[in-house]
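J.: Sending over a structure as structure tokens; questions will come in a sec.
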Amino acid sequence: MKAGDPITINRTTLRNRITMAPTVKFDYAGEDGKATEKHIEHYRERSVYTGLVCVEATAVLPGGRFGFSHMGLWDDSQIEGHRAIAGVCHDNGSAVIIQLNHTGAITNPSVGEPIGPSEIPGRGGVMSRSMTVDEIHEMQKAFVAAALRAKKAGYDGVQLHACHGYLINQFECAETNKRTDEYGGDAAARARFASEIIREIRKVCGDDFLISARTIGADPDLESAIAIAEEYVKAGCDYLQVSSGIKDPDPSLVDGTEPYNLICSLGVHFHDHFAGRVPVSCVNSILEPSLVNHLIENSLVDTVDLGRAMLADPAFPNAVLTGADFVKCFDCKSCQYGPRMPHNCPAAAVREKNAAK
């Protein structure tokens, strides 16, 4: 198996196994949550060589944003901008899905009330409020409605943001989900919130709509994370894109001899479990073409998600596929591409200098 080999997920064929991970452009949108020309150009540049682009975390409700400059899909008026993003990706030959999110208990209090499965401290020490069952059902409807808008916009599918401490992850994690009703308890019950969303998306968006979950690989243990992912697969999830959760993963999941790090190893462990059933990706600090090829050629995962490598140089996938030159991510301690302004990515500066020659 090679990085340049195509792969079909559900009924969407990716021309290669290199995918762009969702990376939020916090300062690109306005308060209306609409996609802008900056978004469109950003994804146009990064869809030239990829098999799949996953558009950044996009709010399903205005009260679940990171801040006022966070892109959304909570209203039909936002569809047009997303249609433009999907269009430029398809024009470049890349499949494209969009990540749907609600920040939940760690919602920015300036944009909405922090709510979640249970009361926990949120941003600035503000305590979240435990959602009622009726509120849970309304939230699920918001995710499904956003998925339907994504389909109308021309996306090949959606990805549920089920990791990194946001709402779905808060339901998954026993430490943040203390519920005693049907949405709390064992792994299957903690997965119910997102599983029901997946089933409903499948119902309203159709059999050929790609449904992915960016899910926890360990929170902190591998076994419970796999049990939760099994529920998602049973519900109709087509693709597991694995990352980290609220709790640090068990460090023993990697022994230090691997060329990849602990978070990346979570996808490898998931692939060991789900191989032949559901495609699995890995992510995190994959900054060299040789590592992408190692992961694919040794059948450690089915696809590789790239974040900072593609922020630094949109042509990074071409370096993987052909050995072409590229500008490497400087691996800054705090990423200078974003979310802070002004963007001051040193790799981007090198690219601009090279282009001017």
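J.: I'd like to verify a number: residues in the range 94-129 that are in contact with a helix residue (DSSP H, G or I) (Cβ under 9 Å, 6 or more places away or on another chain) and not in a loop (DSSP other than H, G, I, E, B), how many?
T.: Count: 15.
J.: Sort through PRO114, PRO109, PRO121 and tell me the only one that's free of Cβ contacts under 8 Å to residues at least 12 places away in the same chain and over 26 Å from CYS237 (Cβ atoms). Steps first, answer last, please.
T.: Working: PRO114 fails: free of Cβ contacts under 8 Å to residues at least 12 places away in the same chain; PRO109 fails: free of Cβ contacts under 8 Å to residues at least 12 places away in the same chain.
The unique qualifying residue is PRO121.
J.: Filter the range 14-40 down to the residues that are assigned to a helix (DSSP H, G or I) and either without any contact (Cβ under 8 Å) to a residue 24 or more places away in the chain or crowded, with 24+ Cβ neighbours inside 10 Å (or both) and list them by number.
T.: Listed by number, the residues that qualify are GLU37, LYS38.
J.: Among the residues of the range 289-301, are any charged (D, E, K, R), within 20 Å of PRO251 (Cα to Cα) and surrounded by fewer than 21 Cβ atoms within 10 Å (Cβ to Cβ)?
T.: Checked the range 289-301: no residue is charged (D, E, K, R), within 20 Å of PRO251 (Cα to Cα) and surrounded by fewer than 21 Cβ atoms within 10 Å (Cβ to Cβ).
J.: Mind telling me which of the residues VAL88, VAL96, VAL48 ends up being buried (at least 24 other Cβ atoms within 10 Å of the Cβ) and either within 24 Å of LEU321 (Cβ to Cβ) or in contact (Cβ under 8 Å) with a residue 24 or more places away in the chain (or both)?
T.: Going through VAL88, VAL96, VAL48 in turn, just one is buried (at least 24 other Cβ atoms within 10 Å of the Cβ) and either within 24 Å of LEU321 (Cβ to Cβ) or in contact (Cβ under 8 Å) with a residue 24 or more places away in the chain (or both): VAL96.
J.: A further question follows. Every residue in the range 275-294 that is part of a helix (DSSP H, G or I) and more than 19 Å from the chain's Cα centre (by Cα), please. Step through it out loud before you land on a result.
T.: To start, the set of residues in the range 275-294 that are part of a helix (DSSP H, G or I) comprises 289-294.
Once the filter is applied, which keeps residues that are part of a helix (DSSP H, G or I) and more than 19 Å from the chain's Cα centre (by Cα), the range 275-294 yields PRO289, SER290, LEU291, ASN293, HIS294.
J.: Within the bounds of the range 307-323, is there any residue that is acidic (Asp, Glu), in contact (Cβ under 8 Å) with a residue 12 or more places away in the chain and out of contact with any Pro (no Cβ under 6 Å at 6 or more places or on another chain)? Spell out the reasoning first.
T.: Pass one, the range 307-323, residues acidic (Asp, Glu): 313.
Now narrow it down to the ones that are in contact (Cβ under 8 Å) with a residue 12 or more places away in the chain: 313.
Among the residues that remain, those that are also out of contact with any Pro (no Cβ under 6 Å at 6 or more places or on another chain) are: 313.
For the range 307-323, residues acidic (Asp, Glu), in contact (Cβ under 8 Å) with a residue 12 or more places away in the chain and out of contact with any Pro (no Cβ under 6 Å at 6 or more places or on another chain): present.
J.: Right, another one. For the subset of the range 230-265 comprising residues that are in contact (Cβ under 8 Å) with a residue 40 or more places away in the chain and out of contact with any helix residue (DSSP H, G or I) (no Cβ under 7 Å at 6 or more places or on another chain), which member is nearest to ALA189 (Cα to Cα)?
T.: VAL233
J.: Name the pairs: first residue in the range 128-150 and in contact (Cβ under 8 Å) with a residue 12 or more places away in the chain and closer than 17 Å to ASN177 by Cα, second residue buried (at least 19 other Cβ atoms within 10 Å of the Cβ) and among the hydrophobic types (A, V, I, L, M, F, W, C), Cβ to Cβ under 6 Å, at least 6 apart or on different chains?
T.: SER128/ALA105; SER128/ILE115; SER128/ILE120; ARG129/ILE115; MET131/ILE115; GLN140/ILE197
J.: Let me ask something else. Residues of the range 324-336 being out of contact with any Pro (no Cβ under 9 Å at 6 or more places or on another chain) and either more than 26 Å from ALA3 (Cα to Cα) or among the basic types (Lys, Arg) (or both), which ones?
T.: Across the range 324-336, the qualifying residues are LYS328, LYS333, SER334, CYS335.
J.: Being touching a helix residue (DSSP H, G or I) at 6+ places or on another chain (Cβ under 9 Å), over 19 Å from ILE263 (Cβ atoms) and surrounded by fewer than 24 Cβ atoms within 10 Å (Cβ to Cβ) narrows it down to one of PHE171, PHE143, PHE209, PHE193, so name that one. Can you show your working first?
T.: Details: PHE171 fails: surrounded by fewer than 24 Cβ atoms within 10 Å (Cβ to Cβ); PHE143 fails: surrounded by fewer than 24 Cβ atoms within 10 Å (Cβ to Cβ); PHE193 fails: surrounded by fewer than 24 Cβ atoms within 10 Å (Cβ to Cβ).
On inspection, the qualifying residue turns out to be PHE209.
J.: For the structure I just gave you, tell me whether ALA29 is at pLDDT below 95, more than 22 Å from SER243 (Cα to Cα) and among the aliphatic types (A, V, I, L, M). Walk me through it before giving the result.
T.: Values: at pLDDT below 95: yes; more than 22 Å from SER243 (Cα to Cα): yes; among the aliphatic types (A, V, I, L, M): yes.
Spelling it out, ALA29 is indeed at pLDDT below 95, more than 22 Å from SER243 (Cα to Cα) and among the aliphatic types (A, V, I, L, M).
J.: Given the condition surrounded by fewer than 24 Cβ atoms within 10 Å (Cβ to Cβ), part of a loop (DSSP other than H, G, I, E, B) and either under 17 Å from the mean Cα position of the chain (by Cα) or at negative phi (or both), answer yes or no: does some residue in the range 214-225 qualify?
T.: Of the residues in the range 214-225, the ones surrounded by fewer than 24 Cβ atoms within 10 Å (Cβ to Cβ) are 220-224.
Checking the rest, the ones that are also part of a loop (DSSP other than H, G, I, E, B) come to 220-221.
In the following step, the residues that additionally are either under 17 Å from the mean Cα position of the chain (by Cα) or at negative phi (or both) were identified as 220-221.
Yes, the range 214-225 has at least one match.
J.: Follow-up question, since we're still on this one. Looking at the structure I just gave you, is VAL301 under 24 Å from THR12 (Cβ atoms) and part of a helix (DSSP H, G or I)? I'd like the intermediate steps shown before the answer.
T.: Numbers: under 24 Å from THR12 (Cβ atoms): yes; part of a helix (DSSP H, G or I): no.
Against the criterion (under 24 Å from THR12 (Cβ atoms) and part of a helix (DSSP H, G or I)), VAL301 does not qualify.
The values are calculated or read from the model by the stated rules, or taken from the named source; none is laboratory data. Keep in mind it's a predicted model, so treat the numbers as computed, not measured. When we count neighbours, we look across all protein chains shown, and the Cβ atoms used for this are built from the backbone with ideal geometry, even at glycine.
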